[in-house]
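Remarks on the structure that follows.
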Amino acid sequence: MTYREALELLWKTHGKFSYQDRVNAYHLLDELSYRAMSKFTVYDKHEHMFICPNCKSWISQTILSDVHFCPLCGQALDWEGDKEEDDA
């Protein structure tokens, strides 16, 4: 089931759940669909580590080939567009 299909199902069954349950489900679904979109990582050349664009956690270079999602927040990661962080 896709996120869109889950959202449509939620709309169809809206009378079966409390208002707060529906609000919580909509927020969770929105957050999950946002995280599923791949985002470019940022490379910090001083730390020799990558940074998750969502939660800003450090990701080691040694696990790059095995990781497609941030191990901490679950954000989908795109290694093709790695950018170096400025020295600002």
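The values are calculated or read from the model by the stated rules, or taken from the named source; none is laboratory data. Here the structure is a predicted model, which is why all the values come from computation and not from measurement. Don't worry about glycine lacking a Cβ; one is built from the backbone with ideal geometry, like all the others, and counts go over all protein chains shown.
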Tally, over the range 15-26, of residues that are part of a helix (DSSP H, G or I) and surrounded by fewer than 13 Cβ atoms within 10 Å (Cβ to Cβ): 7
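Taking the range 27-63 on its own, how many of its residues are part of a helix (DSSP H, G or I), exposed (fewer than 14 other Cβ atoms within 10 Å of the Cβ) and not acidic (D, E)? Walk me through it before giving the result.
Here is the first cut: in the range 27-63, the residues part of a helix (DSSP H, G or I) are 27-36, 61-63.
Filter again for exposed (fewer than 14 other Cβ atoms within 10 Å of the Cβ), leaving 27-28, 30-32, 34, 36, 61-63.
Among the residues that remain, those that are also not acidic (D, E) are: 27-28, 32, 34, 36, 61-63.
The number of residues fulfilling the criteria is 8.
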What pairs come out if I take residues in the range 17-39 that are more than 14 Å from C70 (Cβ to Cβ) and pair them with residues that are of a type in the set (D, E, K, R) whose C-beta lies under 9 Å away, six or more apart or interchain? S33/R4
For the range 62-88, how many residues meet the condition of being under 14 Å from D44 (Cα atoms) and modelled with pLDDT of 70 or more? 1
